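What follows is one structure encoded as structure tokens, with my remarks underneath.
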Amino acid sequence: MLTKRIIPCLDIKNGRTVKGINFESLCDAGDPVELAEFYSRSGADELVFLDITATEERRGTLVELVKNIAQKINIPFTVGGGISKISDVERLLRNGADKISVNSAAVKDPDLINRLSAKFGSQCIVVAIDAKKTEGIWKIHLSGGKIPTGKELFSWAKEVEERGAGEILFTSMDHDGTKNGFANEALAKMSEMLMIPVIASGGAGNISHFTDTFLKGKADAALAASVFHYGEIDINDLKKELKQNNIPVRI
Amino acid sequence: MKIAVIDYGAGNVQSVKYALNRLGYESYLTDDAKKINSADKVIFPGVGEAASAMKALKAKKLELMIPELKQPVLGICLGMQLMCNFSEEGNTQALGIFDLTVKRINTNLKVPQIGWNQVRDLRSSLFKDISENEFMYLVHSYYVPVNEDTIAKTSYGITYASAIQKDNFYGVQFHPEKSSKAGEILLKNFLEL
């Protein structure tokens, strides 16, 4: 049976992980490669690396990092953050990334999704969507939720699928950072509407939130950062609990 | 041991090379027929779309020599599908090593299938030391139906062949290079054939 995926997300700045990651077993928790290895040993099904470096040198650093990660870890990983061109994607995939995610660039230039999936195949193109509910309507936002756009969530999700995305990573800006659970109502609507897998993101605070997002939110995968980084949730414990709730997981 | 990884511009071949490195084996990426022929083991990876991948193989004049190889050959994902006769993806005439047709996943489940699923009914030394129902990582929209060359099965709405073998040709639908420990065991088994 296909299992539900648990995906830790690592924010990368200048080749280092950010956020106060605290693991006693790691010599250097700021080293994305060491952290990636730790998560892959701990039962993570996949990893997402989000590059938040703003400087111009970012691309070179990121490619080097991707190469190091690909050499060391034996589970799939996605790289995102500031990707806007075919050549960016080519370099990342060539150096060992399994998938890439695009966000703002796809909103500004939706045809980018068509070009990327035609060139590299849908299976490696994840479209990340950040949305916030305003006056009862879910609207797409850019730059980590700072810039609103006129686009409505569900019609954009449908368009993204039609243009050839292989997966959608949906982050609710209303839930992100709250630790009050995922946006299950919107997730369920999106997941039922689409043929491609949906990754839930934003709001994970405890184990039952994951159970809910799989059962109520109909998510295919769940992504979280701080609950894993601060050791609040151990992935193995999480998976055991999910299994007890009859949610298929890889243990 | 000389291990050739066929590089015809389809997808993430580097990952296969890295996985072999982790096992302590050196390999080379190549599209040169001579170097492929002289290898002890050949890995035929592939991610992407069948028709354009076949076009790339033909452009490199590899479509006739691959079916003639005598050493163990491992096709991964699209590589396995291209070893079949025909793929519904882009209505593509493929290499014809296996007399099989690759079909589109057509159930009420999500397509592509992305993630970890189980392999069972394992019957090949390729799966030595790998348990029944072990998890492997898969990403695909097309599948090979169960047939007489099937050496592993997986279920996703339907039950299909997640690994096939005929003579020296092996094909796996999953990505051993991304399937954690179990995938590494499978690659090691292949190299030790």
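How many residues does segment A:157-187 contain that are away from every other protein chain (no Cβ under 14 Å), touching a strand residue (DSSP E or B) at 6+ places or on another chain (Cβ under 7 Å) and within 18 Å of A:Ser84 (Cα to Cα)? Steps first, please.
Keep residues of segment A:157-187 that are away from every other protein chain (no Cβ under 14 Å), which gives A:158-160, A:163, A:170-186.
From what's left, touching a strand residue (DSSP E or B) at 6+ places or on another chain (Cβ under 7 Å): A:160, A:170-174, A:182-183, A:186.
Cutting the leftovers down to within 18 Å of A:Ser84 (Cα to Cα) gives us A:160.
Matching residues across segment A:157-187 total 1.
Going through A:Ser42, A:Ser25 one at a time, which residue ends up being at pLDDT 90 or above and more than 11 Å from chain B (Cβ to nearest Cβ)? Spell out the reasoning first.
Values: A:Ser25 fails: at pLDDT 90 or above.
The unique qualifying residue is A:Ser42.
Among the residues of segment A:2-11, is there at least one that is outside any helix (DSSP H, G or I), more than 14 Å from chain B (Cβ to nearest Cβ), at pLDDT below 85 and under 25 Å from A:Lys239 (Cβ atoms)? Don't jump to the end; show me each part of the working.
Here is the first cut: in segment A:2-11, the ones outside any helix (DSSP H, G or I) are A:2-11.
Add one more test, that the residue is more than 14 Å from chain B (Cβ to nearest Cβ), and what stays is A:8-11.
Applying the additional criterion that residues be at pLDDT below 85 yields none.
No, because not a single residue in segment A:2-11 is outside any helix (DSSP H, G or I), more than 14 Å from chain B (Cβ to nearest Cβ), at pLDDT below 85 and under 25 Å from A:Lys239 (Cβ atoms).
May I ask you to verify whether A:Leu153 is within 18 Å of A:Lys218 (Cα to Cα) and within 14 Å of another protein chain (Cβ to nearest Cβ)? Spell out how you get there, then give the answer.
On the way: within 18 Å of A:Lys218 (Cα to Cα): yes; within 14 Å of another protein chain (Cβ to nearest Cβ): no.
No: the conditions fail for A:Leu153.
What strands (runs of 3 or more DSSP E) completely inside segment A:38-155 contain at least 2 residues that are charged (D, E, K, R) and touching a strand residue (DSSP E or B) at 6+ places or on another chain (Cβ under 9 Å)? Show your work before the answer.
Numbers: elements: A:47-51, A:77-80, A:99-102, A:125-134, A:137-142, A:147-152.
Per the criteria, A:125-134, A:147-152.
Can you go through A:Gly217, A:Gly203 and tell me which one is crowded, with 19+ Cβ neighbours inside 10 Å, of a type outside the set (Phe, Trp, Tyr) and at positive phi?
Working: A:Gly217 fails: at positive phi.
Being crowded, with 19+ Cβ neighbours inside 10 Å, of a type outside the set (Phe, Trp, Tyr) and at positive phi holds for just one of A:Gly217, A:Gly203, which is A:Gly203.
Among the residues of segment B:160-177, is there at least one that is in a strand (DSSP E or B), within 14 Å of another protein chain (Cβ to nearest Cβ) and not β-branched (Val, Ile, Thr)? Talk me through it step by step, then tell me what you get.
Quick first cut of segment B:160-177, residues in a strand (DSSP E or B) only: B:160-166, B:169-172.
Those still in the list that are within 14 Å of another protein chain (Cβ to nearest Cβ) too: B:160, B:162.
Then keep just the ones that are not β-branched (Val, Ile, Thr); that gives B:160, B:162.
Within segment B:160-177 (the criterion being in a strand (DSSP E or B), within 14 Å of another protein chain (Cβ to nearest Cβ) and not β-branched (Val, Ile, Thr)), the answer is yes, since at least one residue qualifies.
Which pairs turn up if I take residues in segment A:106-124 that are in contact (Cβ under 8 Å) with a residue 40 or more places away in the chain and more than 13 Å from every other protein chain (Cβ to nearest Cβ) and look for partners that are surrounded by fewer than 21 Cβ atoms within 10 Å (Cβ to Cβ) and charged (D, E, K, R) with beta carbon separation below 7 Å, at least 6 apart in sequence or on another chain?
A:Val107/A:Lys151; A:Pro110/A:Glu159; A:Pro110/A:Arg163; A:Ile113/A:Arg163; A:Asn114/A:Arg163
Output yes when any residue across segment B:170-189 is more than 30 Å from B:Lys2 (Cα to Cα) and surrounded by fewer than 17 Cβ atoms within 10 Å (Cβ to Cβ), and no when none is.
The initial filter retains those residues of segment B:170-189 that are more than 30 Å from B:Lys2 (Cα to Cα), namely none.
There is no residue in segment B:170-189 that is more than 30 Å from B:Lys2 (Cα to Cα) and surrounded by fewer than 17 Cβ atoms within 10 Å (Cβ to Cβ).
For segment A:139-156, how many residues meet the condition of being aliphatic (A, V, I, L, M), touching a residue at least 24 places away in the same chain (Cβ under 8 Å) and closer than 18 Å to A:Ser84 by Cβ? Steps first, answer last, please.
Filtering segment A:139-156 for residues aliphatic (A, V, I, L, M) gives A:140, A:142, A:147, A:153.
Adding the requirement that they be touching a residue at least 24 places away in the same chain (Cβ under 8 Å) leaves A:140, A:142, A:153.
Those left that are additionally closer than 18 Å to A:Ser84 by Cβ: A:140, A:142.
Summing the residues that are aliphatic (A, V, I, L, M), touching a residue at least 24 places away in the same chain (Cβ under 8 Å) and closer than 18 Å to A:Ser84 by Cβ in segment A:139-156 gives 2.
Go through segment B:81-91 and count every residue that is within 14 Å of another protein chain (Cβ to nearest Cβ), surrounded by 17 or more Cβ atoms within 10 Å (Cβ to Cβ) and either touching a residue at least 60 places away in the same chain (Cβ under 8 Å) or more than 27 Å from B:Ile185 (Cβ to Cβ) (or both).
Keep residues of segment B:81-91 that are within 14 Å of another protein chain (Cβ to nearest Cβ), which gives B:81-82, B:87, B:89-90.
Within this subset, residues satisfying the condition of being surrounded by 17 or more Cβ atoms within 10 Å (Cβ to Cβ) are B:81-82, B:87, B:89.
Filter once more, keeping what is either touching a residue at least 60 places away in the same chain (Cβ under 8 Å) or more than 27 Å from B:Ile185 (Cβ to Cβ) (or both): B:81, B:87, B:89.
Qualifying residue count for the region: 3.
Looking only at segment A:195-215, count how many residues are away from chain B (no Cβ under 14 Å) and assigned to a loop (DSSP other than H, G, I, E, B).
Number satisfying all stated conditions: 5.
Being within 14 Å of chain B (Cβ to nearest Cβ) and either farther than 28 Å from B:Glu132 by Cα or out of contact with any His (no Cβ under 8 Å at 6 or more places or on another chain) (or both): is that true of A:Glu192 here? Explain how you work it out, then say what you get.
Details: within 14 Å of chain B (Cβ to nearest Cβ): yes; either farther than 28 Å from B:Glu132 by Cα or out of contact with any His (no Cβ under 8 Å at 6 or more places or on another chain) (or both): yes.
So A:Glu192 passes the test.
When the residues of segment B:12-44 are filtered to those that are within 14 Å of chain A (Cβ to nearest Cβ) and free of Cβ contacts under 8 Å to residues at least 24 places away in the same chain, which remaining residue is surrounded by the fewest Cβ atoms within 10 Å (Cβ to Cβ)?
B:Gly24
Suppose we filter segment B:93-148 for residues that are in a strand (DSSP E or B), more than 14 Å from chain A (Cβ to nearest Cβ) and under 15 Å from B:Ile76 (Cβ atoms); how many remain? I'd like the intermediate steps shown before the answer.
Step one: filter segment B:93-148 for residues in a strand (DSSP E or B), giving B:93, B:98-104, B:113-120, B:134-140, B:142-145.
From the residues that got through so far, the ones that are more than 14 Å from chain A (Cβ to nearest Cβ) too are B:93, B:98-103, B:144-145.
Next, from what is left, pick out any that are under 15 Å from B:Ile76 (Cβ atoms): B:98, B:102, B:144.
Number satisfying all stated conditions: 3.
Are any residues in segment B:52-88 under 16 Å from the mean Cα position of the chain (by Cα) and over 24 Å from B:Lys17 (Cβ atoms), and if so, which ones?
First pass over segment B:52-88, keeping only residues under 16 Å from the mean Cα position of the chain (by Cα): B:53-54, B:57, B:63, B:66-67, B:69, B:71-87.
Once the filter is applied, which keeps residues that are under 16 Å from the mean Cα position of the chain (by Cα) and over 24 Å from B:Lys17 (Cβ atoms), segment B:52-88 yields B:Cys84, B:Asn85, B:Phe86, B:Ser87.
Keeping to segment A:230-244, report how many residues are assigned to a helix (DSSP H, G or I) and either loosely packed, with under 14 Cβ neighbours inside 10 Å or touching a Ser or Thr at 6+ places or on another chain (Cβ under 8 Å) (or both). Full working, then the answer.
Going residue by residue through segment A:230-244, those that are assigned to a helix (DSSP H, G or I) are A:235-244.
In the following step, the residues that additionally are either loosely packed, with under 14 Cβ neighbours inside 10 Å or touching a Ser or Thr at 6+ places or on another chain (Cβ under 8 Å) (or both) were identified as A:235-237, A:241-242, A:244.
Adding up the residues that qualify gives 6.
When you go through (1) closer than 18 Å to A:Leu10 by Cα; (2) in a loop (DSSP other than H, G, I, E, B) one by one for A:Lys218, which number turns out not to apply?
Going through the list (1) closer than 18 Å to A:Leu10 by Cα; (2) in a loop (DSSP other than H, G, I, E, B), A:Lys218 breaks only (1).
Picking from B:Asn117, B:Asn106, which residue would you name as being free of Cβ contacts under 8 Å to residues at least 24 places away in the same chain and closer than 16 Å to B:Thr159 by Cβ?
On the way: B:Asn117 fails: free of Cβ contacts under 8 Å to residues at least 24 places away in the same chain.
The unique qualifying residue is B:Asn106.
Go through (1) farther than 23 Å from B:Ala51 by Cα; (2) buried (at least 17 other Cβ atoms within 10 Å of the Cβ); (3) more than 13 Å from the chain's Cα centre (by Cα); (4) not hydroxyl-bearing (Ser, Thr, Tyr) and name the single condition B:Gln113 misses.
With respect to (1) farther than 23 Å from B:Ala51 by Cα; (2) buried (at least 17 other Cβ atoms within 10 Å of the Cβ); (3) more than 13 Å from the chain's Cα centre (by Cα); (4) not hydroxyl-bearing (Ser, Thr, Tyr), B:Gln113 is out only on (1).
If I ask for residues that are out of contact with any Asp or Glu (no Cβ under 8 Å at 6 or more places or on another chain) and more than 10 Å from chain A (Cβ to nearest Cβ), which ones from segment B:178-193 would you list? So that I can check it myself, show each step before the final result.
Keep residues of segment B:178-193 that are out of contact with any Asp or Glu (no Cβ under 8 Å at 6 or more places or on another chain), which gives B:179-181, B:184, B:186, B:188, B:190-193.
Result: B:Leu186, B:Lys188, B:Phe190, B:Leu191, B:Glu192, B:Leu193.
The values are calculated or read from the model by the stated rules, or taken from the named source; none is laboratory data. Keep in mind it's a predicted model, so treat the numbers as computed, not measured. Cβ: placed from backbone, ideal geometry, glycine included. Neighbour counts: every protein chain shown.
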